[in-house]
Amino acid sequence: MNVRLLRFALAAMLCTSWQSVSAEITANDLLRGCQELTSGRTLYYHGGLCLGFLNGIHEMRYYYGDPPYCSPLGADYVQIARIVAKYLEEHPELLHRLAPHLAISALSEAFPCGLHRAPPE
């Protein structure tokens, strides 16, 4: 019985800590990472955070009925990181907010879906 309780407590702690970490990625964090990624220098933690974050957003859009943005073929993660960094630099009043919605806003503004642009297959 004690082993079961211990496993449950451990699982609850792991789930709680993962949610709190993922919920704390602000636009400040993302901006710092995207600046590091686009600098051409060696990537460290923040550059990897940007790359992983944008990769997740990019892959997630396939699960929307209507994707929030339609990037052209050939757009790579450095270009996408530049777009997100530029958007965040132009909106410093938003940097305290959580990153996901701001990154999607930046990409939706840069790559709107329309009649002339079909979502990627």
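The values are calculated or read from the model by the stated rules, or taken from the named source; none is laboratory data. These numbers were taken from a predicted model, which means no experiment stands behind them. Because the Cβ atoms are built from the backbone with ideal geometry, glycine has one as well, and the counts that use them run over all protein chains shown.
Would you please list the contacts, defined by Cβ atoms under 6 Å and residues six or more apart or on different chains, that run from a residue in the range 66-82 that is in contact (Cβ under 8 Å) with a residue 24 or more places away in the chain to a residue that is assigned to a loop (DSSP other than H, G, I, E, B)?
Close Cβ pairs (under 6 Å, with a partner that is assigned to a loop (DSSP other than H, G, I, E, B)) amount to PRO67/PRO119; TYR69/PHE111; CYS70/PHE111; CYS70/CYS113; CYS70/PRO119; SER71/PHE111.
For residues in the range 49-88 being assigned to a helix (DSSP H, G or I) and among the polar types (S, T, N, Q), which is nearest to ALA27 (Cα to Cα)?
Narrowing the range 49-88 to residues assigned to a helix (DSSP H, G or I): 49-63, 77-88.
If we keep only those that are among the polar types (S, T, N, Q) as well, we get 55, 79.
Working: ASN55: 16, GLN79: 18 Å.
Only one residue fits best here, namely ASN55.
Name the residue that is surrounded by the fewest Cβ atoms within 10 Å (Cβ to Cβ), counting only residues in the range 21-62 that are over 17 Å from SER105 (Cα atoms) and of a type in the set (Ser, Thr, Tyr).
THR42
Please give the number of the condition LEU5 fails out of (1) at pLDDT below 75; (2) surrounded by 10 or more Cβ atoms within 10 Å (Cβ to Cβ).
Tallying (1) at pLDDT below 75; (2) surrounded by 10 or more Cβ atoms within 10 Å (Cβ to Cβ), LEU5 fails exactly one: (2).
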